[in-house]
Amino acid sequence: MFEDCVDLINDFVVESRDGLEGIDNQLLEIEASGENIDTDIVNEVFRAIHSIKGASGFLGLNSVGRLAHSLENILDLLRNGHFKIDAQRVGVMLSAIDKLRFLIENVHTSNEQDVSHEIAQLERLTSGEAESTPV
């Protein structure tokens, strides 16, 4: 049974890496499109994050799930036209994606990682209070 859990976690890591591959470029493409956002790209990014969120919940990877959930909320607002994208906001999202990658690469210790800063930054995006975050 333990081998099954290890296999599931290893599969999660591989699938999450695949899902996050190219996501930085997709976010930059979304930013570059300005008002003419390609909702297909936003939906593709949303699905990748949604899959990570769902699988992390199943596997008890709480920090991964919390951060993915916050990213998913922002992407949902974006794809529904309730959120304007700019370089600062993309920077915050890219920083959160980097943290998500770190958590996935260190999946066995991910629950020990604090993601409250990234989640707070993402939540500030909707109120326009996002801090400038280096990319």
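The values are calculated or read from the model by the stated rules, or taken from the named source; none is laboratory data. Computed from a predicted structure; not experimentally measured. FYI the Cβ positions are ideal-geometry reconstructions off the backbone, even for glycines, and counts take in every protein chain you see.
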Qualifying positions in segment 18-42 - within 14 Å of the chain's Cα centre (by Cα) and loosely packed, with under 13 Cβ neighbours inside 10 Å: ASP18, GLU21, ASN25
Unique match (being under 11 Å from the mean Cα position of the chain (by Cα) and crowded, with 21+ Cβ neighbours inside 10 Å) among ILE74, ILE119: ILE74
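May I ask you to say which residue of VAL45, VAL13, VAL90 is assigned to a helix (DSSP H, G or I), aliphatic (A, V, I, L, M) and within 11 Å of the chain's Cα centre (by Cα)? I'd like the intermediate steps shown before the answer.
Numbers: VAL13 fails: within 11 Å of the chain's Cα centre (by Cα); VAL90 fails: within 11 Å of the chain's Cα centre (by Cα).
Matching residue, one of VAL45, VAL13, VAL90: VAL45.
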Filtered residue count, segment 82-99, keeping only those that are of a type outside the set (Phe, Trp, Tyr) and under 19 Å from ASN36 (Cβ atoms): 8
Candidate set from segment 81-105 (those that are surrounded by 20 or more Cβ atoms within 10 Å (Cβ to Cβ) and basic (Lys, Arg)); member that is modelled with the highest pLDDT: LYS99
Residue within segment 20-29 that is touching an Asp or Glu at 6+ places or on another chain (Cβ under 9 Å), farther than 18 Å from LYS99 by Cβ and free of Cβ contacts under 8 Å to residues at least 60 places away in the same chain present: yes
Conditions (1) surrounded by 14 or more Cβ atoms within 10 Å (Cβ to Cβ); (2) without any contact (Cβ under 8 Å) to a residue 24 or more places away in the chain; (3) of a type in the set (Ser, Thr, Tyr): number failed by THR109: (1)
